[in-house]
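Below: one structure, written as structure tokens.
Each value in this text was obtained by applying a stated rule to the coordinates, not by laboratory testing. All of these numbers come straight from a predicted model, not from anything done at the bench. In this analysis, Cβ positions are derived from the backbone assuming ideal geometry, glycine residues included, and neighbour counts consider all displayed protein chains.
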Amino acid sequence: MRSALKVAVAVLLLLGAAYLFVFPARTYLAQRQQISLEEHTVSVLQAANAKLASEKAALQDNSTIERLARQDYGLVKPGQQAYMVLPAPPVRGARHVAKSPVPHKPWYSQLEFWDHL
């Protein structure tokens, strides 16, 4: 009877030690991992901010704005004419071969065990 009481006290002490030390240590390690992940996210965002700041500085220059207006929006200065090159028209004698649609198979037909039933 006395040895059973000692075993029970030892088990309770062991469980108490686990509760006091193991669970907080696991939480600490999880928090350290989360902090590392967040620090990486911050560094990526800082790099993106630096890139956007350089783009903002480049957009303060009138020549850059003019280049982007011509390139992206097809704008021209007053007195200039804009030209657009269109794709070639299709040849009249050529036949257009339409692809047949791929037949739709149900999702369960891709499972391997259907072949063995």
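Across the stretch 52-57, computed HN-Hα scalar couplings (Karplus, 6.51 cos²θ - 1.76 cosθ + 1.60, θ = phi - 60°) run 5, 5, 5, 5, 5, 5 Hz from first to last residue, x flagging Gly and Pro. Modelled spin labels at Glu55 and Leu5, positioned 7 Å past Cα toward Cβ, are 7.6 nm from each other.
Charge tally around Ile65: other residues with Cβ under 15 Å, Lys/Arg +1 each, Asp/Glu -1 each, net 0. Peptides 54-63, 79-88 ranked from most to least packed, by the mean per-residue count of other Cβ atoms within 10 Å: 54-63, 79-88. When Arg2, Arg70 are sorted by how many other C-beta atoms sit within 10 angstrom of their C-beta, beginning with the fewest, the order is Arg2, Arg70.
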